[in-house]
Amino acid sequence: KQEVTQIPAALSVPEGENLVLNCSFTDSAIYNLQWFRQDPGKGLTSLLLIQSSQREQTSGRLNASLDKSSGRSTLYIAASQPGDSATYLCAVRDNYGQNFVFGPGTRLSVLP
Amino acid sequence: EAGVAQSPRYKIIEKRQSVAFWCNPISGHATLYWYQQILGQGPKLLIQFQNNGVVDDSQLPKDRFSAERLKGVDSTLKIQPAKLEDSAVYLCASSLVMGVRRTEAFFGQGTRLTVV
């Protein structure tokens, strides 16, 4: 059974810092991995999608990497801004049931 | 392109009452998911449809939860009777089927259910 963990659970940084969020999964037989952002009381917004054959994806100040063999993904946020404050969730889609399995999320606070 | 639509946004009911949630996925998305998100946790899959067939409902509490996707488009999720521990956000998502290059999941705004 796939299990996804995220470290740290919460993070508070001053504006302008570069930061890294970590995601680990137990079964490397994944189809893809997706990073989401969730603002309080809102749904999930897709940030980046990495197919299993890819090593990284970039969008603006965000860069996500994938090391499938070690069961890890990182989300790098450059030059953080207060507007980046949210919960960041990673989810993996396996090759078997098409289901997305989510991690518990990292709650990020960027202080002005 | 319109996103995933869900209604209602909020619902407060008493325990033992029934409630229903509605979801309209992105046009052309054959796969539809219902997730339950308890405060402070990641979403947990309740049921997954492909077209109007159930792919995975292994984590759906079938004694009280039911879901249907008639005609392979809209879906409804029902809870009857509700318990206090059902208080959560219910998220609907849709995606293209596997085998298509980009199978991102797109989520609706969710329905926040409070059972008192």
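The values are calculated or read from the model by the stated rules, or taken from the named source; none is laboratory data. This is a predicted model, so every value here is computed, not measured. With ideal geometry, Cβ positions are generated from the backbone for all residues, glycine too; neighbour counts draw on all protein chains shown. Note: areas computed on protein heavy atoms with side chains; ligands, DNA, RNA excluded. Shrake-Rupley method; radii C 1.70, N 1.55, O 1.52, S 1.80 Å.
Of the residues B:45, B:91, B:116, the one whose Cα sits farthest toward the positive end of the charge dipole of the range B:45-116, with +1 on the Cβ of Lys and Arg and -1 on the Cβ of Asp and Glu, is B:91. Basic side chains Lys and Arg get +1 at the Cβ, acidic Asp and Glu get -1 at the Cβ, and with that the dipole of chain B about its Cα centre reaches some 160 debye.
Only four residue types carry charge here, +1 at the Cβ of Lys and Arg and -1 at the Cβ of Asp and Glu. Report the dipole size of the protein assembly as shown about the Cα centre in Debye, rounded to the nearest 20.
Details: 23 positive and 19 negative charges, 84 e Å.
For this selection, approximately 400 debye.
Using a probe radius of 1.4 angstrom, the carbon and sulfur fraction of the accessible surface of chain B is 51%.
If you take the accessible area of B alone plus A alone and subtract the pair, what total do you get in square angstrom, rounded to 100, with a 1.4 Å probe?
That pair of chains buries around 2000 Å² in total.
For the range A:35-87, the Cα gyration tensor yields ellipsoid semi-axes of 22, 13, 9 Å (square root of five times each eigenvalue, largest first, whole Å).
Using the 1.4 Å probe convention, the accessible area of the range A:52-112 works out to 45 Å² per residue with neighbouring protein chains retained.
Taking θ as phi - 60° and the Karplus parameters 6.51, -1.76 and 1.60, the scalar couplings of the range B:44-56 work out to 10, 5, 9, 7, 10, 10, 10, 6, 9, x, 7, 8, 8 Hz in sequence order, x denoting glycine and proline.
Using a 1.4 angstrom probe, figure out how much accessible area chain B has per residue, in square angstrom, rounded to the nearest whole. Numbers along the way, then the final one.
Numbers: 5810 Å² over 116 residues.
Per residue, chain B has 50 Å² of solvent-accessible surface.
Across the alpha-carbon set of chain B, the Rg to Rh ratio works out to 0.96, Rh being the Kirkwood radius.
Counting partner chain Cβ atoms within 10 Å of every residue's Cβ in A:34-46, what's the average?
The mean count of partner-chain Cβ atoms within 10 Å per residue comes to 5.
Toward the positive end of the charge dipole of the protein assembly as shown, with +1 on the Cβ of Lys and Arg and -1 on the Cβ of Asp and Glu, the farthest Cα among B:17, A:58, A:45 is that of B:17. Sparsely packed loop sites in the range A:1-99 (the trypsin sites (Lys or Arg not before Pro) outside DSSP H, G, I, E and B with at most 12 other Cβ atoms within 10 Å) comprise A:1, A:55. Considering protein heavy atoms only and a 1.4 Å probe radius, which residues within the range A:79-111 exhibit an accessible-area decrease of no less than 40 Å² in the full assembly relative to the chain by itself? By number: A:93, A:98, A:99, A:100, A:102.
Rounded to the nearest 5, the antiparallel percentage of DSSP beta bridges internal to chain B is 85%. When the Cα positions of A:19, A:111, B:27 are compared along the charge dipole of the protein assembly as shown, B:27 comes out farthest toward the positive end, with charges on each C-beta of Lys, Arg, Asp and Glu. Please sort by residue number the trypsin sites (Lys or Arg not before Pro) in the range B:17-116 whose DSSP state is loop and whose Cβ has at most 14 other Cβ atoms within 10 Å. Here the sparse-neighbourhood loop sites are B:62, B:64, B:83, B:101, B:102. Counting only aspartates and glutamates at least 8 places from residue A:68 when in the same chain, those with an alpha carbon closer than 19 Å to its own are A:3, A:27, A:56, A:94, B:104.
Across chain A, Cα-Cα pairs more than 18 Å apart make up 45 percent of the total. Using the Stokes-Einstein relation with a Kirkwood hydrodynamic radius computed over Cα pairs, the translational diffusion coefficient of the protein assembly as shown at 20 °C and a viscosity of 1.002 mPa s comes to 119 µm²/s.
For the range B:1-61, which chymotrypsin sites (Phe, Trp or Tyr not before Pro) are in a loop by DSSP, counting at most 12 other Cβ atoms within 10 Å? Each step should come with its number before you reach the end.
Working: sites: B:10, B:21, B:22, B:33, B:34, B:35, B:49; in loops: none.
Passing both the DSSP loop test and the Cβ count: no residue.
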